[in-house]
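The values are calculated or read from the model by the stated rules, or taken from the named source; none is laboratory data. All values derive from a computational prediction rather than experimental measurement. Don't worry about glycine lacking a Cβ; one is built from the backbone with ideal geometry, like all the others, and counts go over all protein chains shown.
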Amino acid sequence: MSTDAEQITTEEKSADEKPVAKPVVKSVQVPAFEKSISDKVVEKFGDKIKVEFIKENRVGIKVSREDVHDVAEFIRDGLNYDHVESVSGVDYPQDKEIEVVYHIGSYSDSSLAKQILVLATRAQREENPIPGKDATKLPSLRDIFYSVEFHEREVFEMFGVYFTGHPDNRRLLLPEDWADLPPLRKDFAIKGR
C-alpha cells in the first residue's frame, strides 16, 4: 500500500490536452551520525569545503587542492579516521581537471567502523602530460595517512597526477620507459584499435 506522498497525481487541463503528472517530492531523512560528521568539517572549514552527500555510512566532501592537506589532517586528528582505504582518479577532460578521491576509514574508533569519509579534490589536467614536470599536481597525503603510499603512486602512473611531498613518485605498474599518455585518461587509445 502506498502513502499519499508516494502517489503521482494528475491534473486535468481541458478535453483537448493530456493530463499532466505532478512530480512527487519525497523527503529524505539524513542519517544523524553522518550529519554530525559533516557538520564538524563544515564548522572547521566553512565555505572552503562542499558537502557532496550524506547517506548511511558515507559522507562525501569536496575541497580545493590548496586546502586538501589541512582538511585531511583534521579528518585524522579531529574526527579519528586513521587510514585511507583506497585512492582513485576520475578524468574530466571537458573541465581540464582530474579528480582524486580518497576513501578514508577508521580501525581505531569503533563508532566509525562502518563509516567511509570520501574526500575529493581536483588537479589541473594537461593536454600533453609530462608527469612530474607539468601543472597536474596535488599535495601528497602520505605524511598524514601512511596507507596512501602505493595508491598515490598508482594515480600518478595511471592519470599523471604528481603528488608533491610524496617520498616515492615512481612507476608502480607500467614500465619505467612508458612514453604514452597515462592509460586511464579518457583520451588514451590502445595502439592498433
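Results, tabulated for the structure shown:
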read-out	value
Boolean, TYR102 is over 11 Å from the mean Cα position of the chain (by Cα), among the aromatic types (Phe, Trp, Tyr) and at pLDDT 95 or above	no
Matching option when the condition is surrounded by fewer than 19 Cβ atoms within 10 Å (Cβ to Cβ), in a strand (DSSP E or B), within 13 Å of the chain's Cα centre (by Cα) and aliphatic (A, V, I, L, M), among VAL59, VAL51	VAL51
Subset of region 143-162 (residues that are touching a strand residue (DSSP E or B) at 6+ places or on another chain (Cβ under 7 Å), part of a loop (DSSP other than H, G, I, E, B) and over 15 Å from PRO183 (Cα atoms))	PHE145
Residue count for region 71-89, restricted to those that are under 25 Å from GLY160 (Cα atoms) and either under 13 Å from the mean Cα position of the chain (by Cα) or crowded, with 16+ Cβ neighbours inside 10 Å (or both)	8
For TYR102: the one exception among (1) in a loop (DSSP other than H, G, I, E, B); (2) of a type outside the set (Val, Ile, Thr); (3) under 23 Å from ILE37 (Cβ atoms)	(1)
Residue, surrounded by the most Cβ atoms within 10 Å (Cβ to Cβ), within region 115-136, restricted to residues that are within 18 Å of the chain's Cα centre (by Cα) and over 14 Å from ASP91 (Cα atoms)	LEU119
Candidate set from region 145-162 (those that are among the aromatic types (Phe, Trp, Tyr) and in contact with a Phe, Trp or Tyr (Cβ under 9 Å, 6 or more places away or on another chain)); member that is modelled with the highest pLDDT	PHE145
Filter result (polar (S, T, N, Q) and either touching a strand residue (DSSP E or B) at 6+ places or on another chain (Cβ under 8 Å) or within 24 Å of ALA123 (Cβ to Cβ) (or both)) within region 16-74	SER38, ASN57, SER64
One residue from ARG170, ARG122, ARG76, ARG142 being over 22 Å from GLY60 (Cα atoms) and among the basic types (Lys, Arg)	ARG170
